[in-house]
Structure formats: C-alpha cells, structure tokens
Amino acid sequence: MKLGYFVPCYIDALAPHVAKSTYNLLQRFVPDVEFIEKATCCALPMTDMGYQDKACKLEEKLIPLLQDYDHIVMPSGICTDQFRDHFDAIEQTPEVTKIRESVYDVVEFLHDVLKVDGFPWARFPHRVALHNGCHSLRYLHHARPTELMTHDYSKTEDLLKMVDGLEVVYAERKDECCGFGGTFAIWDVDTSGQMGLDKVRDYERQSAMYVVSADFSCLLHQQSIADKFGINLKAYYISEILNGDV
C-alpha cells in the first residue's frame, strides 16, 4: 500500500501537533507513510466563496502531487469532503477521479480501510464529549444523523470506545452545528459565536471537561469560545487520544 499523508494548510499553521499525532498514529499501522510536503491547500476556502477560477488553479497543482498514491489520508473531515464532493473546478479526468476516490479522513481510514480493532497503547480515563462536524457527519457518514430513520452507528464512537477508560457523551442536540462554518464565522460573527457558546454550555451540562472531534476547525472555534467565557473545556483532535499523546 502506497499511503500519502496530506496535512491541510490550517492544521499546518495552527495545529502542527495534530499533524504529528496523526502521522505517528498512521505509522503504527502502515510503517511507510509518505508526507506529501508540497501539498498545501485543498481549495476549500475558494470553493466556499464561489471563486471557482482560484480553486481551479489550486486543484490543477495538486493533481501531480497526489495521483500516484493508493490512499491519501488527511487529518481533517472538512478537507476530505472537499476532495470527495467538491473537487470539480477542473476537468474530471481519470486522474482526478482516482484522487477523489482515494482520499480518506483519519476516521474512515482506520475504521473502514484498516478495520482497526484496538489501541492498546492509549488510555484516557475521562468523560469526553464527541462532536461530529457537519461535513463529517453528513458527507463522510461518520455517524447516523438523527434526522434519518436508519440503523444507528458511529464510526468515531467505535474508535474512541477502544481507548481504555474513555467514556463518550454527547451534547443534548448532538447534531447541531457548532457555528464555525468556515467563512460563516467571519461574515456573521454574532450568530457563529452564539452557536458555539450554546454547544460548549451543552458540554458543561453533560459534565464533560473534554471535547474530541475529527474536525479540528470546529475544535478551534469551540476552544476559543470556552476560553473567552471561562468554561473549563479542553479540545483534542481524535488522533491525539487514539495515539496516546494526551
């Protein structure tokens, strides 16, 4: 298996520890993980704002960097979704189609591809609120959205329950957006901020001092709001817990 590791730009700039935890975790299962050094942005911000011409230029540069891997793993659900469902500003050649079908986020890769059955090195004896981000939930299908009357499942919870001592809890309205939404948090600060405050207050009512997610963008938003309002909450990306780094 030729495995490429793509670190999104915001993880590289704001949370390099998340990139390191994920890389080390992947290496436990696939020793030969290749860091794709020249890959930077997946073009999500440009696509979000409708700048297809700018997205196109970024997407074109990524094709030769990604096309030779069997699987590409990213420590970001929202960026994985960008490749899977929105990487369409350029011509959909066989190379592009292969890339779109080869990209996985960490949860998908561990749960669906590797079918991991344990993390014996990890221990986290705490009550942890699990936040499934909007894109990871409804596009990557990490768990069943509550509006769908289908069988219940949660890939993220399945993985976390393999960690010794960890107890998973949810916000009362567990599928509700935390308010990040990328550029939405800039254009409508008041609404975004209130949504985030509602979410972290909900965790507080569940007696959860920790929140974990496969979307660090959501965690950045929630952690900043918790810090601003003096709420005792610590956010961790899922790889940090699964790799036993915390």
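Cross-link partners for Lys2 among the lysines, with Cα-Cα distance under 18 Å and sequence neighbours closer than 8 places in the same chain left out: Lys38, Lys98, Lys115. Taking the Cα centre of the chain as reference, the dipole from Cβ charges on Lys and Arg (+1) and Asp and Glu (-1) amounts to some 520 debye. When the charge dipole of the chain is built from unit charges on Cβ atoms (+1 for Lys and Arg, -1 for Asp and Glu) and taken about the Cα centre, the candidate among Gly179, Ile36, Ile225 whose Cα reaches farthest toward its positive end is Ile225. Label separation (Asp32 vs Cys9): 3.2 nm, computed from points 7 Å beyond Cα along the C-beta direction.
Highest-first packing order for the peptide set 29-40, 72-83, 52-63 is 72-83, 52-63, 29-40, based on the mean count of other beta carbon atoms within 10 Å. Rounded to the nearest 20, the size of the Cβ-charge dipole of region 131-213 about its Cα centre is 140 debye, with Lys and Arg at +1 and Asp and Glu at -1.
Rounded to 0.05, the FRET efficiency of the Thr191 and Ile231 pair, given R0 = 25 Å and the Cβ-Cβ distance, is 0.85.
When peptides 212-224, 190-202 are sorted by average Cβ neighbour count within 10 Å, with the highest value leading, the order is 212-224, 190-202.
Fully extending the segment from Met209 to Trp121, taken as 0.36 nm per residue of separation minus the present Cα-Cα distance, adds 29.5 nm. Averaging over all projection directions, the Cα-based convex hull of the chain occupies 13.1 nm² in the image plane. The lysine pair count for region 127-242, using Cα distances under 16 Å and pairs eight or more places apart or on different chains, is 4.
Pull out the extension gain between Asp158 and Lys98, defined as 0.36 nm times the separation in residues minus the alpha carbon to alpha carbon distance; nm, one decimal.
Numbers: separation 60, 0.36 × 60 = 21.60 nm, distance 2.83 nm.
Length gained, Asp158 through Lys98: 18.8 nm.
Near Ala143, once Lys and Arg are set to +1 and Asp and Glu to -1 for all other residues with Cβ below 10 Å from its Cβ, the sum equals 0.
Can you figure out the FRET efficiency of Ser224 with Glu91, using R₀ = 35 Å and their beta-carbon distance, to the nearest 0.05? Don't jump to the answer; show the numbers that get you there.
Details: r = 39 Å, r/R0 = 1.12.
Plugging the Cβ-Cβ distance into 1/(1 + (r/R0)^6) gives 0.35.
In terms of other Cβ atoms within 10 Å, Arg173, Arg84, Arg123 run from fewest to most in the order Arg173, Arg123, Arg84.
Ranked by Cβ crowding within 10 angstrom, fewest neighbours first, how are Asp105, Asp117 ordered? Write out the running numbers ahead of the final one.
Working: Asp105 26, Asp117 6.
Result, fewest neighbours first: Asp117, Asp105.
In this calculation the C-beta distance from Asp112 to Glu60 is compared with R0 = 25 Å, giving a FRET efficiency of 0.30. Computed over the Cα atoms of region 3-113, the ratio of the radius of gyration to the Kirkwood radius (Rg/Rh) comes to 0.95. Only helices enter the 222 nm calculation for the chain: every DSSP H run of n ≥ 4 contributes -39,500 (n - 2.57), and dividing by all residues gives -12500 deg cm²/dmol, rounded to 500. GNM on the chain, alpha-carbon springs under 10 angstrom: the most fluctuating residue among Leu137, Leu160, Leu148 is Leu148.
We did not get these values from a lab; they are worked out from the coordinates using the rules stated. Just so it is clear, the model here is predicted, and its values are computed rather than measured. Every residue, glycine as well, gets a Cβ built from its backbone with ideal geometry; the counts of neighbours run over all protein chains shown.
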